[in-house]
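Here's the structure we're looking at; comments come further down.
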Amino acid sequence: MKLTLGSTGPGRFEGDLPTDQVGSYLVHVTQSVGGAVKHTNTFGLVVPYSPEYRDLGTDLNSLRAVARAGGGTLLTDLTQAYRLPVPAAQGVQQLDELLLVLAIILFPVDVALRRLVLRVEDVPAWKQAFTRKPARAIAAEATVTRLRERVAGVRSARAAKSAPTKEKPPDKTIEELRARRGR
């Protein structure tokens, strides 16, 4: 960017350099007479932070003013934060998840009511089906005896099947084989 400086006194020139950001800049100054460069110089320029950032301490007066404007008080001790009453808060409850759970629960009920035929005459049968009946007590000896008899019966049936049987002599004729094939 080129900037023309105005003379404010003997050997003194001033001008406004627009800077939009805080930071350090290098300025290159050139004096030219009749298109020929006579003098040149480069120097640094610093644009500081805003003056309100220079104060590093806490501005208690401003904090008190903000607290008064909001209807509060300035807390000077950390333990005071836990002694203040907390006002009741109200918030919006989202209904989408609740309605989704309700739809998931009611869907099988809806399908059952549409598909099942429910009559008043069937109520006693449904009650009887859902009442719990105590199991009959069976003596352990009787159960073991029945089991032994069953095992003995299965073993004897297997033994009878595995006993060698007399084979028929292979006197099958061609007619018998053709008759079987035709079936």
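Laboratory data are not the source of any read-out in this text; all were calculated from the coordinates shown. All values reported here derive from a predicted model rather than from experimental measurement. Cβ placement follows ideal geometry from the backbone for every residue including glycine, while neighbour counts extend to all protein chains displayed.
General observations
- Helix 96-115 axis, angle to the chain major axis (alpha carbon atoms, nearest 10°): 20 degrees
- Computed FRET value (nearest 0.05) for Val46 with Leu84, which takes r as the C-beta separation and R₀ as 41 Å: 0.35
- Relative contact order computed over the chain (Cα-Cα under 8 Å; 6+ residues apart), in percent: 8 percent
- Nearest 10 degrees, 0 to 90: helix 60-69 Cα axis against the chain principal axis: 60 degrees
- Compared with the direct C-alpha span, the chain from Leu56 to Glu176 gains 31.3 nm at full extension, assuming 0.36 nm per residue.
- Here the simple spin-label model places points 7 Å from the Cα toward Cβ, and for Thr73 and Trp126 these points are separated by 6.5 nm.
- Computed extension length for Val154-Phe107: 11.8 nm, one decimal, from 0.36 nm per residue of separation with the Cα-Cα distance subtracted.
- Matching label, log10 I(q)/I(0) by the Debye sum over Cα atoms at q = 0.12, 0.14, 0.17 Å⁻¹ computed from the structure shown, candidates (1) -0.55, -0.72, -0.99; (2) -0.77, -0.94, -1.14; (3) -1.01, -1.12, -1.27: (3)
- Simple label model, 7 Å out from Cα along Cβ direction - Ala65 to Ala139, nm: 10.3 nm
- Close amide H pairs (under 5 Å, H built 1.01 Å from N) link Val29 with Asn41, Thr42, Phe43, residues at least 5 positions away or on another chain.
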